[in-house]
Every structure is written in C-alpha cells, then in structure tokens.
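Below: the structure, in structure tokens.
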Amino acid sequence: MRGQINLKDTIMNCLEKIRNNLRLTFDEAVSLYDLDLLTLGELADAKRQALHGKRTYFNINRHINPTNVCKDVCKFCAYSASRKNPNPYTMSHEEILAITDDIVSRGISEVHIVSAHNPDTGLEWYLEVFRKIKARHPQLHIKALTAAEVHFLAEEYHKSYDDILDLMVANGVDSMPGGGAEIFDEKVRDYICKGKVNSHQWLEIHRKWHERGMKSNVTMLFGHVEERSHRIDHFFRIRDLQDVTGGFNCFIPLVYQTQNNFLNVKASITAHEILKTMAISRIVLDNVPNLKAYWVTSTVNLALLAQEYGANDLDGTIEKESINSAAGAKSAYGVDLQEFVGLIKNSGFEPIERDSLYNTLKVW
Ligand code: V47
C-alpha cells in the first residue's frame, strides 16, 4: 500500500514537473514508462505542439552506401560483408558521381553518404569523393561520415579527430549524420558492438564538430538487449552535450531490425513500447528541437501515429536504403512523394518539405 502511494506521488510529481517545463531526475525519467501510453502521448504532444504546432517535416534525399567492407563486427549489423552477407562491394567514384548527377537533375537537395569501415581504400578515397561532388554540385548538401567512421579513419590513418573533422569541412561535408551512437551504456555497447567507437569518443567527436559551427544528428538503436534505463541514460548523455553545444538538429530513435545478423534477438519490440520511448524522448530531450520517426525502421503506419507522440519529422521519401533493409526493414526502395504527403495530410498534420538544416522549402 505504502509502495503504491509512493509510486503515485512520484508520478504526480513528474506530471507537475513536465507541465511546468522542469527537468526530471534520472529515476523519475525511468518511471515515465509506468505511465499509460495515452497520458505520455498527451504530454509529448503538448511539447511538440509548443515547438512545431501541427507541422511535420520531411526532406527529399538520397542515401549512398559506397562500401560494405568493414573491419568492425557489430552484432546487430546485417549490412557489412560477412558470413551472413558474403557480397562485398566498393563503389567507384564514377558510380557515386553518376548517382549525385542524377539526383541533382531531379531537384534532390541532400545526399547522405555512410560507409562501412573499409581498411583497403585509403583515406583519400573517402575525402576525394566529397570534393568531386562539391565541385560539380556546390548546392548539394553532403551529410556524411558517422562518428564511428571518423573514429575509424583517425585510428587507421594515425590522425586526430580534429584532423579528420577539419578534412571533412575542407573537402565539402556540410553536416554529420547521427549513426553509430547505438546505445551509450558501456556494458550493452560492449556486448553489441565491441571494438568500434566508444560512447565517450562518439560524443567527443560530435562536440568537436559542433565547436566548428557545424550541425549533426544523433541516433539510438533500441529494441534489442537494452533495458529501459539504458535508453534514459542515452537521452541524458545527449541532453548534457546539447546543453553545451546546441549542435544536434534531430534525435532519431532506430528500431532494431532482427534479421540476418549475429545478435540473437527473436522478438521484435512492440509498437506500444516504441511509442512510449518516442514520447519519453520528446519529454526528456527538451533541448533537441526535432524528433524523427524514421519510418524505415518503425514502418510508415507507426511513424504516422508517432506524430501524436512527439515526432515532428518523418525523414523523407528515401529513394534507396541499404543498411536497415539488410536487417529486414521494408525500406529498400522508398515511398512515393505524393502518397507520402497525402498520408501526412490525412493523419491531420501539415507536410513541410525542409532542407537539411530545417529551413522550409515548401509547404505542401
Ligand atoms: O548506425 C544497423 C543502424 C544506423 C541495424 O542522421 C540498424 O539523418 C536497426 O544512422 N536494425 C545507420 N538499425 C542509419 C542512421 C541514420 C538513418 C537515417 C537518418 C540518419 C540521420 C541516420 O543504422 C547505424 C545503426 O545504428 N542499424 N543495423 C539493425 N539491425
């Protein structure tokens, strides 16, 4: 009985704090999962509406994954060439440039370039392609190189993070994607992706990038072996850095896809738990303006619903996607633009096409 009263007090205290825009303690934030989904939705939606009203952002971009040869072995990854996916490839610069020529001719304004950690290409291979793209298409926004790749390049070629980040700026990279964050808790991280960039290093690289006046995103891979408290810990570490730099544009929770990898998780996370996690992230990450429901890993239907649980960004039409679809996501060839816009409208929101830095390009 006493335990129940204490829990009720904690919850009442949390609701009061959230409505007054006060920050929760770590334990209070974990206890938000005890709230029912509709209450969480209401709280998150109030935060979303205060920032964005009914506007839902998307952009039209193209993902390019130039190589799947990787020196690291992340248990959750189905994309890199391995025993389960024995099809190594490395694209030539000409192939990459042919894609960027094509997308620019069709008015696409962003290219998202992420590779595996290929030790055979040399540092120049990574950098030269940015330079070549920029020379041909100065207006095309290049979002490229995760912090995991920056760490890999620094180690492989005996450079500092500062050196690599300066080279990225000098060669035309405009912003950094949020990949490679996975889950910051050290124990879980060691279990799922031992050997690649660690949590401290991931955050350090983004801090340095932000110090250069540049923007980036941050992801979280969830729904595998982590616990709820690990997600809250992830949010707190992001929020702490954002308090210092303000450089994160967007938080992107990535729902773990179960197929073709070495992380033996059979059951997929429920839609209920995904929506709770989205809503809690909107409440806790009070200093990150945008929350993306990445339909690639959550399905389009759930992403549309997530608009009522704090999400204000649905990524985009995604012409081609290789990393998540390799692990089972039904996203390999994107969605039709008119249909996408229609779905956002029909769900009661206002579709806004944005550029990579969240400037409005078109109100649909
Ligand atoms: O870092 C790998 C994840 C990420 C699986 O910044 C998996 O705008 C689910 O970071 N199940 C790459 N996820 C994708 C990414 C991203 C996507 C869209 C937009 C942005 C952005 C970033 O995909 C990896 C990893 O965390 N991933 N395997 C899997 N089995």
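The values are calculated or read from the model by the stated rules, or taken from the named source; none is laboratory data. Source: prediction; values computed, not measured. Don't worry about glycine lacking a Cβ; one is built from the backbone with ideal geometry, like all the others, and counts go over all protein chains shown. Protein only, heavy atoms only, side chains kept; ligands, DNA and RNA dropped before computing areas. Shrake-Rupley method; radii C 1.70, N 1.55, O 1.52, S 1.80 Å.
The residues of the range 177-334 expose on average 34 square angstrom of accessible surface per residue, using a 1.4 Å probe on protein heavy atoms. Where does helix 123-136 land angle-wise versus the long Cα axis of the chain, in degrees 0 to 90, nearest 10? That works out to roughly 90 degrees. Structural descriptor for the chain: relative contact order 22 percent, calculated from alpha carbon pairs under 8 angstrom and at least 6 residues apart.
What does the C-alpha gyration tensor say about the overall shape of the range 1-152? Classify as rounded when a/c is under 1.5, otherwise prolate if a/b is larger than b/c, or oblate. Here the range 1-152 falls in the prolate category. Taking 30 Å as R0, compute the FRET efficiency from the Cβ-Cβ separation of Thr90 and Asn198 and round it to 0.05. My answer for the efficiency is 0.65. Using the beta-carbon distance between Val225 and Glu186 and R0 = 22 Å, what value does 1/(1 + (r/R0)^6) give for FRET efficiency, to the nearest 0.05? The value I calculate is 0.95.
With just the Cα atoms defining each centre, how far is the range 67-122 from the range 346-361? Give it in Å. Taking the Cα centre of the range 346-361 as reference, the centre of the range 67-122 is 28 Å away.
With axes computed from alpha carbons, what is the tilt in degrees of helix 37-52 against the longest principal axis of the chain, rounded to the nearest 10 within 0 to 90? The angle comes out at about 60 degrees.
Computed packing ranks the peptides 307-313, 43-49 as 307-313, 43-49, most packed first, by mean other Cβ atoms within 10 Å. Measuring between their Cα centroids, the range 321-340 and the range 152-185 lie 26 Å from each other. Just report the Cα centroid separation between the range 7-41 and the range 242-260, whole Å. Distance between centres, Cα-based: 22 Å. Counting heavy atoms of the protein chains alone, Phe236 has an accessible area of about 40 Å² for a 1.4 Å probe. For the peptides 285-294, 189-198, the ranking by mean Cβ contacts within 10 Å, running from highest to lowest, is 285-294, 189-198.
Helical content alone sets the calculated 222 nm signal of the chain at -13500 deg cm²/dmol, taking -39,500 (n - 2.57) per DSSP H segment of four or more residues and averaging over every residue.
Normalise the Debye intensity by I(0) for the chain, one equal point scatterer per Cα, no solvent, then take log10 at q = 0.07, 0.10, 0.15 Å⁻¹ and round to two decimals. Evaluating at q = 0.07, 0.10, 0.15 Å⁻¹ gives log10 I(q)/I(0) of -0.29, -0.60, -1.42. Per the 1.4 Å probe, what fraction of the accessible area of the chain, in percent, lies on carbon and sulfur atoms? Reported share for carbon and sulfur atoms: 52 percent.
Here the simple spin-label model places points 7 Å from the Cα toward Cβ, and for Glu128 and Glu156 these points are separated by 1.4 nm.
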